[in-house]
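The values are calculated or read from the model by the stated rules, or taken from the named source; none is laboratory data. Because the structure is predicted, anything quoted here is derived from the model rather than measured. No Cβ is skipped: glycine too gets one built from the backbone with ideal geometry, and neighbour counts run over all protein chains shown.
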Amino acid sequence: MAYGAHTTTTDRPDGRQGSTLAVRGSTRSPRVQSALSNGTRMHLGRVDGRSAAGRRFKDLVRTLEAERGGAESLDVGRRQAIRAYAQLVVERELMEAERAAGRAIDPETYGQLCDRADRQLRRMGPVKAPERQSVRERYAKGRPA
(Lines give C-alpha, C1' and ligand atoms only; values in the text may rest on other atoms or scores of the structure.)
Protein backbone atom coordinates (compact mmCIF):
# COMPACT_ATOMS: atom_id res chain seq x y z
CA MET A 1 0.00 0.00 0.00
CA ALA A 2 1.24 3.49 -0.77
CA TYR A 3 2.65 5.70 1.94
CA GLY A 4 -0.12 7.71 3.52
CA ALA A 5 -2.99 5.49 2.41
CA HIS A 6 -5.04 2.89 4.22
CA THR A 7 -8.09 0.82 3.44
CA THR A 8 -11.10 0.83 5.70
CA THR A 9 -13.99 -1.59 5.71
CA THR A 10 -17.39 -0.04 6.12
CA ASP A 11 -20.84 -1.43 6.73
CA ARG A 12 -23.29 -0.19 4.15
CA PRO A 13 -26.92 0.60 4.92
CA ASP A 14 -27.98 -2.41 2.84
CA GLY A 15 -26.01 -4.77 5.13
CA ARG A 16 -23.13 -5.42 2.71
CA GLN A 17 -19.54 -4.57 3.48
CA GLY A 18 -17.31 -2.51 1.23
CA SER A 19 -13.81 -1.15 1.34
CA THR A 20 -12.73 2.38 0.58
CA LEU A 21 -9.36 3.98 0.07
CA ALA A 22 -8.59 6.74 2.54
CA VAL A 23 -5.52 8.95 2.41
CA ARG A 24 -3.59 9.55 5.62
CA GLY A 25 -3.78 13.18 6.61
CA SER A 26 -7.14 13.58 4.92
CA THR A 27 -9.78 14.63 7.42
CA ARG A 28 -12.57 13.91 4.98
CA SER A 29 -14.51 10.70 5.07
CA PRO A 30 -14.55 8.73 1.79
CA ARG A 31 -18.29 9.45 1.72
CA VAL A 32 -17.67 13.18 1.27
CA GLN A 33 -14.72 12.87 -1.10
CA SER A 34 -15.38 13.27 -4.81
CA ALA A 35 -16.62 10.15 -6.55
CA LEU A 36 -13.45 10.20 -8.64
CA SER A 37 -11.23 10.27 -5.52
CA ASN A 38 -13.00 7.45 -3.73
CA GLY A 39 -13.07 5.25 -6.84
CA THR A 40 -16.81 5.05 -7.46
CA ARG A 41 -16.63 6.91 -10.80
CA MET A 42 -14.07 7.02 -13.59
CA HIS A 43 -14.60 10.66 -14.67
CA LEU A 44 -15.09 13.95 -12.90
CA GLY A 45 -18.14 14.98 -14.90
CA ARG A 46 -21.25 12.99 -15.67
CA VAL A 47 -19.97 10.72 -18.41
CA ASP A 48 -21.82 7.72 -19.77
CA GLY A 49 -19.07 5.12 -19.60
CA ARG A 50 -21.07 2.55 -21.56
CA SER A 51 -19.62 3.55 -24.93
CA ALA A 52 -16.97 1.31 -26.46
CA ALA A 53 -14.29 3.93 -25.73
CA GLY A 54 -15.55 4.41 -22.16
CA ARG A 55 -15.51 0.67 -21.46
CA ARG A 56 -12.04 0.34 -23.00
CA PHE A 57 -10.73 3.22 -20.86
CA LYS A 58 -12.11 1.66 -17.68
CA ASP A 59 -10.73 -1.78 -18.60
CA LEU A 60 -7.29 -0.33 -19.24
CA VAL A 61 -7.23 1.64 -15.99
CA ARG A 62 -8.34 -1.36 -13.91
CA THR A 63 -5.87 -3.73 -15.63
CA LEU A 64 -2.94 -1.33 -15.33
CA GLU A 65 -3.71 -0.67 -11.66
CA ALA A 66 -3.96 -4.40 -10.96
CA GLU A 67 -0.62 -5.03 -12.70
CA ARG A 68 0.98 -2.55 -10.32
CA GLY A 69 -0.46 -3.96 -7.11
CA GLY A 70 -3.96 -2.45 -7.12
CA ALA A 71 -5.28 1.08 -6.77
CA GLU A 72 -4.70 1.03 -3.01
CA SER A 73 -0.95 0.56 -3.46
CA LEU A 74 -0.52 3.43 -5.94
CA ASP A 75 0.19 7.04 -5.09
CA VAL A 76 -1.78 9.81 -6.77
CA GLY A 77 0.94 10.52 -9.34
CA ARG A 78 1.05 6.93 -10.57
CA ARG A 79 -2.74 6.72 -10.68
CA GLN A 80 -2.81 9.89 -12.80
CA ALA A 81 -0.08 8.50 -15.08
CA ILE A 82 -2.17 5.35 -15.56
CA ARG A 83 -5.26 7.40 -16.45
CA ALA A 84 -3.28 9.56 -18.89
CA TYR A 85 -1.78 6.46 -20.52
CA ALA A 86 -5.19 4.80 -20.83
CA GLN A 87 -6.63 7.93 -22.46
CA LEU A 88 -3.77 8.12 -24.95
CA VAL A 89 -4.17 4.43 -25.80
CA VAL A 90 -7.92 4.84 -26.40
CA GLU A 91 -7.29 7.84 -28.67
CA ARG A 92 -4.60 5.92 -30.56
CA GLU A 93 -6.89 2.90 -30.97
CA LEU A 94 -9.66 5.14 -32.32
CA MET A 95 -7.23 6.52 -34.90
CA GLU A 96 -6.14 2.99 -35.80
CA ALA A 97 -9.79 2.03 -36.31
CA GLU A 98 -10.23 4.99 -38.65
CA ARG A 99 -7.20 3.90 -40.66
CA ALA A 100 -8.37 0.29 -40.77
CA ALA A 101 -11.70 1.54 -42.15
CA GLY A 102 -9.81 3.09 -45.05
CA ARG A 103 -9.98 6.69 -43.90
CA ALA A 104 -6.91 8.91 -43.80
CA ILE A 105 -5.36 9.85 -40.48
CA ASP A 106 -2.75 12.45 -39.65
CA PRO A 107 0.51 10.50 -39.29
CA GLU A 108 2.07 13.33 -37.25
CA THR A 109 -0.74 13.20 -34.69
CA TYR A 110 -0.57 9.41 -34.61
CA GLY A 111 3.19 9.51 -34.02
CA GLN A 112 2.76 12.07 -31.23
CA LEU A 113 0.16 9.86 -29.54
CA CYS A 114 2.51 6.87 -29.73
CA ASP A 115 5.43 8.88 -28.31
CA ARG A 116 3.35 10.33 -25.49
CA ALA A 117 1.87 6.94 -24.64
CA ASP A 118 5.40 5.51 -24.44
CA ARG A 119 6.43 8.35 -22.11
CA GLN A 120 3.40 7.78 -19.88
CA LEU A 121 4.09 4.06 -19.79
CA ARG A 122 7.48 4.80 -18.25
CA ARG A 123 5.94 7.21 -15.73
CA MET A 124 3.52 4.56 -14.48
CA GLY A 125 6.30 2.53 -12.96
CA PRO A 126 7.14 -1.14 -13.38
CA VAL A 127 4.67 -3.98 -13.32
CA LYS A 128 4.81 -5.88 -10.04
CA ALA A 129 6.05 -9.41 -10.45
CA PRO A 130 3.70 -12.02 -9.00
CA GLU A 131 4.81 -13.36 -5.65
CA ARG A 132 6.77 -16.55 -6.04
CA GLN A 133 5.62 -19.55 -4.10
CA SER A 134 7.98 -21.85 -2.29
CA VAL A 135 8.17 -25.50 -3.30
CA ARG A 136 6.25 -26.43 -0.14
CA GLU A 137 3.43 -24.03 -1.01
CA ARG A 138 3.17 -25.44 -4.53
CA TYR A 139 3.06 -29.03 -3.27
CA ALA A 140 0.52 -28.08 -0.62
CA LYS A 141 -1.77 -26.90 -3.41
CA GLY A 142 -1.27 -30.13 -5.33
CA ARG A 143 0.93 -28.67 -8.06
CA PRO A 144 4.39 -30.12 -8.57
CA ALA A 145 7.33 -27.74 -8.96
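A few points about this structure:
- Restricting LEU94, LEU64 to residues that are in contact with a helix residue (DSSP H, G or I) (Cβ under 7 Å, 6 or more places away or on another chain), touching a residue at least 60 places away in the same chain (Cβ under 8 Å) and assigned to a helix (DSSP H, G or I) narrows the list to LEU64.
- Some residue of the stretch 100-122 being in contact (Cβ under 8 Å) with a residue 40 or more places away in the chain and not basic (Lys, Arg): no
- Test result for GLY102, more than 30 Å from PRO130 (Cβ to Cβ) and at pLDDT 80 or above: yes
- Selection from the stretch 97-113 of residues that are of a type in the set (Gly, Ala, Ser), part of a helix (DSSP H, G or I) and over 19 Å from LEU60 (Cβ atoms): ALA100, GLY111
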